[in-house]
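Engineer: Got a structure for you, written out below as structure tokens; questions coming shortly.
The values are calculated or read from the model by the stated rules, or taken from the named source; none is laboratory data. As the structure is a computational prediction, the values presented were derived from the model and not from experiment. Don't worry about glycine lacking a Cβ; one is built from the backbone with ideal geometry, like all the others, and counts go over all protein chains shown. Note: accessible area is taken over every heavy atom of the protein model, side chains too, but ligands, DNA and RNA are not part of it. Shrake-Rupley method; radii C 1.70, N 1.55, O 1.52, S 1.80 Å.
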Amino acid sequence: MTTLTRRAALAGLGTLLAAPAVAQQRTVRALLGWPPGGSSDIVCRTFAERLRGPLGANVVVENRPGAGGRIALQGMRGQPADGSLYVQTPSSMLTIYPHLYRNLGYDPVADFVPVTTVCAFAFAWTVRADHPAKTLAEFIAWARQRGQVDWASPSPGTMPHFLGVEFARMTGLSLNHVPYRGGAPVITDVLAGVITAGMNVLSEPVPFHLDGKMRILAISAPARSPRLPDVPTFAEAGFPQLTKQEWFGVLLPAGAAPGVVQPLHGALLAAAGTPEVQELLTRLEFTPDTMQPAAFAERIRREREEWGPIVAASGFRPEE
């Protein structure tokens, strides 16, 4: 990269100066509302590692777990919009939470400048391998005969929760939602027969499905997973409205100028295109998913509108 090109890439990053020796002294912080070790953390750190060179700075991930991911977003309010701070968040905090919480602690529109999504992932409806239903249609028929069936999601007020509620509404089934604290306990209890069915992030039940211990009846992705060619999508099973994916997106503080947004946007797209990142995302059952800032802002708006009626119809209200 020429000196001129490097300076152009760094223009608008505030105190991130064009001189490499000075730029390397700068630290860019990436806020994340989840603890270390999870898929969100892995994705955030993977991208952060590949931003260091293009941004000419040290990029450090700060885990700020709590309040269902809201603490990290709250921490962006009023921060300098010079590129020294960004946040990676799942979509629910921007598209579903506004319909749930009276006091979010942030404005999903006014407090952020969208940069890009980085990846997307789907959810899976699962039962134990010895369940009598081998297809989603058979499960619906079985559940209709039973009268009431318990099912679990990793957390109340999340996308898998509302996908399950919508599935029950569309089929007319009496499905009793049991909220858990995380995806792993859902898997454990489905395997143990404590709970009949679960709606999990797709990557979580895949190993058990492949080992013959669990059966994935349908996934919420727009297309079948290459690792699960025999597992249909909800759309193929007759429920196209359940084609929903969560995404991880990167946002800057409000007021970030195009000269700040574009270098970060370009660096994220370059990282998403590397074989190493694509291989990692494939292992996690994630798909690369990037877009222009304006398209990302429109996506947030559109999906927030789509989830409003679903959340309202569920009747769910959080405790706070």
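Engineer: Percent of Cα-Cα pairs more than 36 Å apart in the chain, please.
Structural biologist: Across the chain, Cα pairs with separations above 36 Å total 22 percent.
Engineer: When only Cα pairs under 8 Å and 6 or more residues apart are kept, what is the percent relative contact order across the stretch 86-161?
Structural biologist: In percent, rounded to a whole number, it is 34.
Engineer: For the chain, what does -39500 (n - 2.57) per DSSP helix run (n ≥ 4), summed and divided by total residues, give at 222 nm, in deg cm²/dmol to the nearest 500?
Structural biologist: Estimated from H runs of four or more residues: -11500 deg cm²/dmol.
Engineer: Note down the relative contact order for the chain as a percent, whole number, built from C-alpha pairs under 8 angstrom at least six residues apart. If you can, show how the numbers build up before the last one.
Structural biologist: Details: 610 pairs, mean separation 82.4, N = 320.
Reported relative contact order: 26 percent.
Engineer: A further question on this structure: If amide H atoms are built 1.01 Å from N in the plane of the peptide, which residues on other chains or at least 5 residues away come under 5 Å of the amide H of T196?
Structural biologist: Correct list: D150.
Engineer: Next question, about the same structure. Provide the per-residue ³J(HN,Hα) series for the stretch 228-244, in order, calculated from phi with Karplus coefficients 6.51, -1.76, 1.60 and θ = phi - 60°, each as a whole number of Hz, with x at glycine and proline positions.
Structural biologist: 10, x, 8, 9, x, 7, 4, 4, 5, 7, x, 10, x, 5, 8, 7, 9
Engineer: Please list, in order along the stretch 117-128, the HN-Hα scalar couplings obtained from phi with the Karplus expression 6.51 cos²θ - 1.76 cosθ + 1.60 (θ = phi - 60°), rounded to whole Hz, x for Gly and Pro.
Structural biologist: Those phi angles translate into 6, 10, 6, 9, 8, 10, 10, 10, 8, 10, 9, 5 Hz.
Engineer: Identify the trypsin sites (Lys or Arg not before Pro) of the stretch 37-117 meeting these criteria: DSSP loop state and at most 16 other C-beta atoms within 10 Å of the C-beta.
Structural biologist: When the trypsin sites (Lys or Arg not before Pro) of the stretch 37-117 are filtered for loop state and at most 16 Cβ neighbours within 10 Å, R77, R102 remain.
Engineer: Another one. In Å and from the alpha-carbon atoms only, list the Rg and Dmax of the stretch 129-249.
Structural biologist: Considering the stretch 129-249 through its Cα atoms, Rg and Dmax are 13.2, 42 Å.
Engineer: R29 to A184: FRET efficiency via 1/(1 + (r/R0)^6), r the Cβ-Cβ distance, R0 25 Å, to the nearest 0.05?
Structural biologist: 0.30
Engineer: Now a separate question. Take E306 and A141, extend 7 Å from each Cα along the Cα→Cβ direction, and tell me the distance between the two endpoints in nm.
Structural biologist: That separation, rounded to one decimal, is 3.1 nm.
Engineer: Using Stokes-Einstein with the Kirkwood hydrodynamic radius over Cα pairs, what translational diffusion coefficient do you get for the stretch 198-264 at 37 °C and a viscosity of 0.692 mPa s, in µm²/s rounded to a whole number?
Structural biologist: 227 µm²/s
Engineer: Can you give the relative contact order of the stretch 162-230 as a percent, counting alpha carbon pairs under 8 Å and 6+ residues apart?
Structural biologist: For the stretch 162-230, the relative contact order is 18 percent.
Engineer: Scan around E246 for amide H atoms under 5 Å from its own, H built in the peptide plane at 1.01 Å from N, and keep only partners 5 or more places away or cross-chain.
Structural biologist: So E246 has HN proximity to F121.
Engineer: Under the rule of at least 5 residues apart or a separate chain, name every residue whose amide H is placed under 5 Å from the amide H of T117.
Structural biologist: Correct list: V250, M291.
Engineer: Then there's this: What ratio of Cα Rg to 2.2 N^0.38 Å holds for the stretch 60-149?
Structural biologist: Working it through for the stretch 60-149, the quotient is 1.63.
Engineer: Now for a separate question. How many times 2.2 N^0.38 Å is the alpha carbon radius of gyration of the stretch 162-217?
Structural biologist: Numbers: Rg = 11.6 Å, N = 56, 2.2 N^0.38 = 10.2 Å.
Against the compact-globule rule of thumb, the ratio is 1.14.
Engineer: Say R0 is 25 Å: what FRET efficiency, to the nearest 0.05, do D150 and Y101 get from their beta-carbon distance? All intermediate terms of the calculation are to be shown ahead of the outcome.
Structural biologist: Details: r = 27 Å, r/R0 = 1.06.
E between D150 and Y101, to the nearest 0.05, is 0.40.
Engineer: Give the Kirkwood hydrodynamic radius (Å, one decimal) of the stretch 208-320, defined as one over the mean of 1/r across all pairs of different Cα atoms.
Structural biologist: 17.3 Å
Engineer: Hey, can you find the accessible area per residue of the stretch 232-320 for me, probe 1.4 Å, expressed in square angstrom?
Structural biologist: Per residue, the stretch 232-320 has an accessible area of 46 Å².
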